[in-house]
Amino acid sequence: MKKQNRKIISYLLVLITVGILVFYQLKTNKLQNELQANRAFQEQIDTRLAVYNSLLQIDSTLVKGNYKAALSAYQEQLNVNEKNDSTGIRLRIALAKKIIKMQDALRSDASLIAQLRALDSSQIEQSATPKEIRQFDSLSFALEKTKVRLARMENQLQKKSFGQYLTFTSSKGSLMHYVGEVKNKKANGHGLALLDTGSRYEGEWKNNQRHGRGTFYWPDGEYYVGDYVNDKRNGQGTYYWPNGEKYTGAWKDDRRSGEGIFYGKDGKIIANGVWQEDELVQAAKKQKKESR
């Protein structure tokens, strides 16, 4: 009897030992798989950080006024990361092209002003005919008109502040590359921001938050035009979908809240009434036709 009990105990010990070995083997395999996954994730992070660092260096080149060099560098980055443009390289290229176009326009106007200023009234002879005098008056008028146009464009350029550059993290955790008006070292006034998610916002700011009227574009083609308060859609605004659908009406904390209308892609009204937390809670009553 004792001999049989010893055999049973031996079998149990062997089973327990095998079970422990199997458990630790499975645990080891799981840890190795997790380690490999972590290494792959770390490599992705390192690659993404390298791209961000390269873009930040190019952004600094853009801010310093080397627009064409920045544009060329952006295009090189796009060639390398063409399949995954989550860093908003295309938006940066569009911004650089817009700045270069405005700069060329300013140079053209400045050249015209220099030519017109060279025409001094002292160069007109006393015996000038009435026709020549009228031509000179026309040139003088063109000069003043061009000066006004140049001053307006310079004011717009200064207002959009293609010289003030900031990077900061939004209240929603996105990294912002901001170009615009700055006060107290924060985005205040009108400006444009490129997000690390590939989105962009152009409009009014207050203390690094979207505040006032603005337009926000998502990479998938959706965009919103309307009011912002404390970095969220609040007030009146219209949200557009790529398929042609849109919602126009009241917003609260990034959600449709209040009176609003949802239109289909054919422009017909699909839903109209009072919204709450992005859902229609009360349909608008249809107006009855007056009896004749």
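Each value in this text was obtained by applying a stated rule to the coordinates, not by laboratory testing. Everything numeric in this text was worked out from a predicted model, so none of it was measured. Virtual Cβ from ideal backbone geometry, glycine too; neighbours counted across all protein chains shown.
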Once you have the Cα-Cα distance between residue 6 and residue 97, take 0.36 nm times their residue separation minus that, and quote the gain in nm to one decimal. 24.1 nm
If we count every other residue with Cβ under 10 angstrom of residue 228's Cβ, Lys/Arg +1 and Asp/Glu -1, where does the sum land? +1
Rounded to the nearest 0.05, what FRET efficiency do residue 218 and residue 60 give with R0 = 45 Å and r taken as the Cβ-Cβ distance? Could you check? 0.95
Compute the length gained on full extension between residue 276 and residue 104: take 0.36 nm times their separation in residues and subtract their Cα-Cα distance, giving the result in nm to one decimal. 57.0 nm
Find the Rg to Rh ratio for the stretch 165-283, where Rh is the Kirkwood radius over alpha-carbon pairs and Rg uses the same atoms. 1.02
Only Lys, Arg, Asp and Glu count, each charged at its Cβ (+1, +1, -1, -1), so figure out the dipole size of the stretch 155-262 about its Cα centre, rounded to 20 debye. 400
Around residue 212, under 9 Å between beta carbons, what's the net of Lys plus Arg minus Asp minus Glu among the other residues? +1
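Contact order normalised by length for the stretch 165-283, with contacts defined as Cα pairs under 8 Å and 6 or more residues apart; what percent is it?
The value is 12 percent.
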Using alpha-carbon positions, what is the distance between the centroids of the stretch 166-189 and the stretch 11-42, in Å? 48
Residue 15-residue 35 pseudo-label distance in nm [points 7 Å out on the Cα-to-Cβ vector]: 3.3
Between the residues 267, 167, 236, the Cα farthest towards the positive end of the dipole of the stretch 165-283, that dipole coming from +1 and -1 charges on the beta-carbon of Lys, Arg, Asp and Glu, is from 167
